1. Can you tell which of M185, M156, M113 shows the greatest fluctuation in a Gaussian network model of the chain with Cα springs below 10 Å?
2. If you build the convex hull over the alpha carbons only and average its shadow over all orientations, what do you get for segment 1-82? Give it in nm² to one decimal.
3. Per DSSP H run of n ≥ 4, the term is -39500 (n - 2.57); total these for the chain, divide by its residue number, and report the mean residue ellipticity at 222 nm rounded to 500 deg cm²/dmol.
4. Give the accessible surface of the chain per residue, rounded to a whole number of Å², with probe radius 1.4 Å and ligands, DNA and RNA excluded.
5. Using modelled amide H (1.01 Å from N, peptide plane; none on Pro or chain starts), what sits under 5 Å from the amide H of F167, excluding residues fewer than 5 places away?
6. Using the Cα centre of segment 1-107 as the reference point, and only Cβ charges (+1 on K/R, -1 on D/E), how large is the resulting charge dipole? Debye, rounded to the nearest 20.
7. For the pair L31 and T58, what calculated FRET efficiency results from E = 1/(1 + (r/R0)^6), where r is the Cβ-Cβ distance and R0 = 22 Å, to the nearest 0.05?
8. Work out which helices of the chain, taken as complete DSSP H runs, extend at least 20 Å along their axis over the Cα atoms and score a mean Kyte-Doolittle of 1.0 or more, then list them.
Amino acid sequence: MHIFDIFSIIGTIAFAMSGAVVAMEEEYDILGVLVLGLVTAFGGGIIRNVLIGVPVTTLWAQGELIMLAVLSIVVAFVLPMSWIRHWKKTEALFDAIGLSAFAIQGALYAYEMKHPISAVLVAAVLTGIGGGMIRDLLAGRKPLVLRDEIYAVWAMLAGLAIGLGFFKSTIGLLLLFVLVVFFRMLSVHYRWTLPRRYLNHGEYGTGTESKSG
């Protein structure tokens, strides 16, 4: 199995279950849970394909991944509530795993197609965060990437590392995967944020932010 396939499987499971849990939080029916799970798992890849010139119809050649996503969603739907509550405690970790896996997968896709580094960066970011953004918008939430701790930056750095050829071997790519997850979780734990401007009182915010409300 190619390292590309491994990252595809990891990202698909993590994001499909993430979308399913968000849908259940919003009290969607089983069809809504299925749709949101699939959109989360494949939305970023579809957007990436459009921008780097890959036919969108290649999605239908990923029958095994689609079935894996559906199975993950069904598992999430039938899990006991106690398990769902436990999932919620580790939601950020699974989201970080999906972010890292899909960012690296997207960057590899563009890199192996000999696209310039700018396209590799875009592919990494959109594959890593695209599905989650669509998920949040369909669930009526402000996208996580726009409001929470540093998120898309880690996808961008993963794309930059691959685009510059720093990580090529299987071991190197697995190390990069772990590093992205690690730093994403650090940003969650310490609440690292990018600089922001608060228009209601005209001040700036940087560094670590405490959550309110």
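The values are calculated or read from the model by the stated rules, or taken from the named source; none is laboratory data. Predicted model, so just to flag it, every value in this text is computed and none were measured. Please note: Cβ atoms are built from the backbone with ideal geometry, for glycine as well, and neighbour counts cover all protein chains shown. Note: areas computed on protein heavy atoms with side chains; ligands, DNA, RNA excluded. Shrake-Rupley method; radii C 1.70, N 1.55, O 1.52, S 1.80 Å.
1. M113
2. Directional mean of the projected Cα hull area for segment 1-82 stands at 6.0 nm².
3. -24000 deg cm²/dmol
4. Result: 52 Å² per residue.
5. none
6. 180
7. Result of the calculation: an efficiency of 0.30.
8. 3-25, 30-52, 63-78, 117-138, 170-190
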